[in-house]
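Participant: Questions regarding the structure given below will be posed in turn.
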Amino acid sequence: MKQLDIGVAGAGPAGLAVALFLSRAGHRVEILERFATPAPVGSGLLMQPTGLTVLSALGLFDSIHGLGSRIDRLHGADAVSGRTVLDVRYDAAPGGRYGLAVQRAALFNTLHDAVAADGIRIRTGIELAVSETRGDRAVLKDTQGEMVGDYDLVIDASGARSSLVSGSGSAPTVRNLAYGAFWATLDGQGAAYDKTALSQRYDKAKVMIGLLPAGRVQVHEAERVAFFWSLKVADVEAVKAAGLDRWKAIIRNYWPDCMPFLDQIGDWDQLTLARYAHRTVLPPFSGRLVCVGDSAHSTSPQLGQGANMALLDAAALSHALANHADIASALAAYARARRNHVRLFQLLSLAFTPFYQSDSNAIAWVRDRLVSTIARVPPMPGLLASIVAGTLIDPFGPAGLTECEWRRDYSLLSGMA
């Protein structure tokens, strides 16, 4: 592939990662961001072996590892009976894999600092509206109809509500999910929680409360914890109207150990409401516009794959461009490389969602009594571990990646913090 002029829409993890890959491959890259100052959105997230392998390929593994909290299992219990209904351990599958919980700000800063170090240009305060293909070029226009860029290729990394893809020939159908979640990042000092697990409590499938150790943004800071409470988006205003104290009392009754975290919340503004939708752009390109991350595909967060899938997209697109002589062939190869992995994990996320976020008591009963029993019978523990890790089918080869060596001396990386 000749040297290309590439515009990347969006300075989130997908946009920053793909800009790094392509700039290092010799292309001229600039990032266009709608905010005046690029910044992360959200609380904590779980980096899976897939996303960590991409960061390793970018030379950022040690940096992110020094900021995160190693996660060895996902554990969930019935809030009323205390019965364990979810216990997925990464070591149930071979290879020594694990997860790494990080604050979104830590992931953003790690990627953003690398972009700055590489001298990649970021243009801010640009609200993009449309990408137009003109011959062999892609023209970006803002909401005022003014041209803001002219490129060989535009990469849409602007998220699930992208205006670029909605105006393209691959505009997807969007299915908004009924349940969302309140999120907050809070201090964990003095609180009782499992520092090596994503811990959850359930009341049927209507209530889900979670604690995720989320590391730190800077190496000398105290570790923090991501707290989340699942609820129907339609009920948000009613919950707020009932008052913060009533909401806290409900959570305290379910899970008293959450009180040190709840005591830190004095205003609804400290909570971020996350809304979820299922959408797939097929194919993930149109003309000279190609989508990565949530602009290409999004689903519920039940398997914690969002940021990891976005990073895999970035690696796969770079790999395709490096191994094909023209853009059309490269984009088709990128779509093929990601198709099976994306479709499988979207399907799995949709299948798992009703068991943890729905109004069905019957489904919750099946989860608590049947599924939790089957999950302990070999080979299910290993299969579930591979699902959570994002490795049920090979995500690495099609993206041109070699998986991390997980049996490295973790203590040395921890000591960096």
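Participant: Treat every Asp and Glu Cβ in the chain as -1 and every Lys and Arg Cβ as +1, leave all other atoms uncharged, and give the resulting dipole magnitude about the Cα centre to the nearest 20 debye.
Facilitator: Working: 40 positive and 39 negative charges, 191 e Å.
Roughly 920 debye for the chain.
Participant: Report the net charge of residues surrounding residue 184, where surrounding means a beta-carbon distance below 11 angstrom and charges are Lys +1, Arg +1, Asp -1, Glu -1.
Facilitator: On the way: positive: 224; negative: 187, 267, 269.
Once all neighbours under 11 Å are counted, the net charge is -2.
Participant: Moving on to the next point. Residues with amide H under 5 Å of residue 276's amide H, sequence separation 5 or more or different chain, H placed in the peptide plane at 1.01 Å from N; which?
Facilitator: Excluding prolines and chain starts, which carry no amide H, the hits are 177.
Participant: Within 10 Å of each residue's Cβ, count the other Cβ atoms and sort 338, 137, 376 from fewest upward. It would help to have the intermediate numbers written out before the result.
Facilitator: Working: 338 24, 137 15, 376 11.
Going from sparsest to densest Cβ surroundings: 376, 137, 338.
Participant: Right, next: Can you pull out the GluC sites (Glu not before Pro) in segment 113-172 that DSSP calls coil and that have at most 15 other Cβ atoms within 10 Å?
Facilitator: 127, 146
Participant: Per residue of segment 278-290, what does 6.51 cos²θ - 1.76 cosθ + 1.60 with θ = phi - 60° give for ³J(HN,Hα)? Whole Hz please, x for Gly and Pro, Karplus curve as stated.
Facilitator: 10, 7, 9, 8, 10, x, x, 7, 8, x, 9, 10, 10
Participant: Next question. Mind listing the long-range amide H neighbours of residue 149? Cut-off is under 5 Å, sequence gap 5 or more, other chains count too, H placed in the peptide plane at 1.01 Å from N.
Facilitator: Distant-sequence amide H within range of residue 149: 140.
Participant: While we're on this one: If we sort 294-300, 94-100 on the protection proxy, mean other Cβ atoms within 10 Å, highest first, what's the order?
Facilitator: Details: 294-300: 27.1, 94-100: 19.7.
Ranked from most to least packed, the peptides come out as 294-300, 94-100.
Participant: How far is helix 244-254 tilted off the main Cα axis of the chain, in degrees rounded to 10, range 0 to 90?
Facilitator: 70 degrees
Participant: Measure nothing fancy, just the Cα-based angle from helix 327-356's long axis to the longest principal axis of the chain, in degrees from 0 to 90, nearest 10.
Facilitator: With rounding to tens, the tilt is 10 degrees.
Participant: Whole Å is fine, so just give me how far the alpha carbon centre of segment 73-117 lies from that of segment 254-268.
Facilitator: Each part's Cα centre sits 22 Å from the other's.
Participant: Continuing with this model, one more query. Tell me, what is the percent relative contact order of segment 239-354, built from C-alpha pairs under 8 Å that lie six or more residues apart?
Facilitator: Numbers: 84 pairs, mean separation 22.5, N = 116.
In percent, rounded to a whole number, it is 19.
Participant: Still on this structure, please answer the following. Provide, for the chain, the number of lysine pairs with alpha carbons under 26 Å apart, each pair being eight or more places apart or on different chains.
Facilitator: For the chain, the number of qualifying lysine pairs is 13.
Participant: While we're looking at this one, here's another question. Could you please state, rounded to a whole Å, how far the C-alpha centre of segment 177-217 is from the C-alpha centre of segment 1-52?
Facilitator: 28 Å
Participant: What number, in percent, do you get for the relative contact order of the chain if the mean sequence gap of Cα pairs under 8 Å and at least 6 apart is divided by its residue count?
Facilitator: Numbers: 870 pairs, mean separation 100.2, N = 417.
This gives 24 percent for the chain.
Participant: For segment 328-377, state the semi-axes of the equivalent ellipsoid (square roots of 5 times the eigenvalues of the alpha-carbon gyration tensor), sorted largest first and rounded to whole angstrom. Intermediate results must be reported in sequence, preceding the final value.
Facilitator: Numbers: eigenvalues 245, 33, 4 Å².
Values for segment 328-377, descending: 35, 13, 4 Å.
Where a number appears in this text, it was derived from the coordinates with a stated rule and is not lab data. For clarity, every value in this text was computed on a predicted model and none was experimentally measured. Heads up, the Cβs are rebuilt from the backbone with ideal geometry, glycines too, and the neighbour counts pull from every protein chain shown.
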